[in-house]
Amino acid sequence: MQQRAIDTALTALTGTALAGVLVAGVAVESAHGAPADKPMAHKATSQQVTGHHSTTTGKNTGHKTIGKAAPKTRAVLSGSTTASYFWDDGSGVNGDTGAPASGKPMQKGMFASPSWPMNTKVKVTYQGRSVTGFVGDRGPGEPSHRGVMLDLDTYTFRHLVDGKKPASKYDTGTSAGHLKGVKYQVLSWGHGAGTKGAPKPLG
């Protein structure tokens, strides 16, 4: 009788201990993982954080994309001179000397130089106004021996004077016959006939 009571008590104690072990096992399982059909809360949180991180890295971080700046054109020759004007289209108006020496038709932005190679690209500036053109003819003639080293088409000449247009192709519409202190920048030398370097009088 007494022995049976002891056996019963031991059995009850062992069952309680086993239950505790089982409970502890569940606790451990809960802490380290869970069945695939029941994701843990901390795993879902981890996925949310990961998703947020992915979204964040996809956004603009604020860093500016620095592209390469366009290279600036540097002049191969700079200086200043006195400039006159012309419009020689072979029509004989105002005693012009015929079609331009380059063979290209007379046009806006065509300049005449006594020595520079044909098709040389030149930028001229006067009182803050600028025009970029090219050497397409020879001239001026005798004035080049007096320091007038550029002949500008009438449109360019008038634009440099006051920003307006000439009265006609042959008449600038101003009383100015020459512009002193016109700055020139040779941007590139042409491959036509002529001499590179400082301008030289015609002939």
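Filtered by the rule that a residue be within 12 Å of Ala83 (Cα to Cα) and of a type in the set (A, V, I, L, M), segment 146-180 gives Val148, Met149, Leu150, Leu152, Leu160, Val161, Ala176, Leu179. Taking the conditions exactly as written (modelled with pLDDT of 95 or more, surrounded by 15 or more Cβ atoms within 10 Å (Cβ to Cβ) and within 18 Å of Gly194 (Cβ to Cβ)), does Thr97 satisfy them or not? Considered against the rule, which asks whether it is modelled with pLDDT of 95 or more, surrounded by 15 or more Cβ atoms within 10 Å (Cβ to Cβ) and within 18 Å of Gly194 (Cβ to Cβ), Thr97 comes out as no. If you check Ser130, Ser168 for being over 22 Å from Leu77 (Cβ atoms), modelled with pLDDT of 95 or more, open to solvent by 40 Å² or more (accessible area, probe 1.4 Å) and polar (S, T, N, Q), only one passes: Ser168. When segment 141-154 is filtered for residues that are touching a Ser or Thr at 6+ places or on another chain (Cβ under 9 Å) and open to solvent by 50 Å² or more (accessible area, probe 1.4 Å), only Arg146 remains. Only one entry of Gly177, Gly181 meets the criterion of being assigned to a strand (DSSP E or B), in contact (Cβ under 8 Å) with a residue 40 or more places away in the chain and loosely packed, with under 15 Cβ neighbours inside 10 Å, and that entry is Gly181.
The values are calculated or read from the model by the stated rules, or taken from the named source; none is laboratory data. Remember, predicted model here, so these are calculated numbers, not experimental data. When we count neighbours, we look across all protein chains shown, and the Cβ atoms used for this are built from the backbone with ideal geometry, even at glycine. Accessible surface areas use protein heavy atoms only, side chains included; no ligands, DNA or RNA. Shrake-Rupley method; radii C 1.70, N 1.55, O 1.52, S 1.80 Å.
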